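Below is one structure, written out as structure tokens; comments come after it.
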Amino acid sequence: MGDDLPSWIIPILNWMESTWVNDLALGPQWSWPIMETLHFTGMCLLFGPIIVMDLRLLGFDRIALPQAAVHKLIPLTLAGFVINLITGIIFLFGNPYRYAMNISFAIKFALIILAGVNAIYFWKKAIPVLERVGEHGDAPTSIKIVGLSSLLLWTGVLATGRLIPYLGTG
Amino acid sequence: MGAITWIENTGLAEMVRISAYGYPVMITLHSLGLAIMVGLSVLLSLRVLGFFRTIPYSSLQRLLKIAWIGFIINFASGGSLFSANATGFIVDWVFLVKMAMVFLGAILVGTMQGMLRTVLATGNPEGATGTGIKVIAGLTIVAFSVGMVFGRLVPYLPP
């Protein structure tokens, strides 16, 4: 297994397989389904607030819905992200060769990085602009693109994550 | 069982079973619908339970229209997944518990929205703080959580 992988990654994958995290993921019979259920829970906690925040950024219901009110949802979406980061890392350690060879996982990983960069851009650049336009103001197009990108990137993360068992090898 | 066997023999069922893309596409849409429906319903429930008080109920009512789009996506994608193995699913207690919880959750969300609509119509945007609606909000989270756990366990637990 792993013939197509670059040689430098093999020791890392072997190390991942030798850790206690691998035992945790594969040892107890119910580990994997419990982690999957938690991963779905995290997905819902992450995705619900993302929909609300991004739609508001795009101008949804801006007269009634203050910008600051939807930003209160950020801790919830971060909680969902942390749950999924932890369970996701456990999956990786549980079956490192499978994920290293899987095209759907590679795309998912790239999309998460892009979504992260997008979120940092939102935090550093968009929030000051939003503060200038006011609680019920309309965001400029450059900022709306951040909201649309976030919505599309996270939908892509969800879809490519679900397709891991069906696309590519492993 | 006649109707169930018929469902399993439809062209849709065959497409999901045989086509390389049928099952993956449907299961992916099912996850997306889940994230939309449960994600937004949980937000409404948390709001009713006293969190995120600065988000007006009127905005949540509008957002919940999107939640119902998620529900429709899942009704359609779930229906196609069911059709592929209808005779198996219909006798699988894990699947039946999941379905009961999903429909209970949807009914509870609809009920909560109806109660909010009545309160909002009286011109009181913050009137929906009674114990009844809070119990419904709590049960919504429980029903969807249990539904999600059992849905995920369908491939793992013996039918």
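The values are calculated or read from the model by the stated rules, or taken from the named source; none is laboratory data. As the structure is a prediction and not an experimental result, all values here were calculated from the model. Neighbour counts run over all protein chains shown; Cβ positions are idealised from the backbone, glycine included.
Below, the figures for the structure above:
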| item | result |
| --- | --- |
| Helices (runs of 4 or more DSSP H) lying entirely in the stretch A:42-100 (those with 3 or more residues that are more than 11 Å from chain B (Cβ to nearest Cβ), in contact with a Ser or Thr (Cβ under 6 Å, 6 or more places away or on another chain) and free of Cβ contacts under 8 Å to residues at least 60 places away in the same chain) | none |
| Enumeration of residues in the stretch A:1-41 that are outside any loop (DSSP other than H, G, I, E, B) and among the aromatic types (Phe, Trp, Tyr) | A:15, A:20, A:32, A:40 |
| Candidates A:134, A:116, A:161, filtered to the one that is surrounded by 14 or more Cβ atoms within 10 Å (Cβ to Cβ) and among the small types (Gly, Ala, Ser) | A:161 |
| Among the residues listed as A:13, A:24, A:46, A:57, the single one being buried (at least 16 other Cβ atoms within 10 Å of the Cβ) and more than 20 Å from the chain's Cα centre (by Cα) | A:13 |
| Flag if residue A:91 is closer than 22 Å to residue B:55 by Cα, under 15 Å from the mean Cα position of the chain (by Cα) and among the aromatic types (Phe, Trp, Tyr) | no |
| Of the criteria (1) farther than 30 Å from residue A:167 by Cβ; (2) modelled with pLDDT of 95 or more, which one residue B:131 fails | (2) |
| So residue B:77, is it at pLDDT 95 or above, out of contact with any Ser or Thr (no Cβ under 8 Å at 6 or more places or on another chain), crowded, with 17+ Cβ neighbours inside 10 Å and of a type in the set (Ser, Thr, Tyr) | yes |
| Of residues in the stretch A:14-41 being aromatic (Phe, Trp, Tyr) and either within 18 Å of residue B:43 (Cα to Cα) or touching a residue at least 40 places away in the same chain (Cβ under 8 Å) (or both), the one farthest from the other protein chains (Cβ to nearest Cβ) | A:32 |
| Which numbered condition residue A:152 misses (of (1) within 30 Å of residue A:25 (Cβ to Cβ); (2) part of a helix (DSSP H, G or I); (3) of a type in the set (A, V, I, L, M); (4) within 14 Å of chain B (Cβ to nearest Cβ)) | (1) |
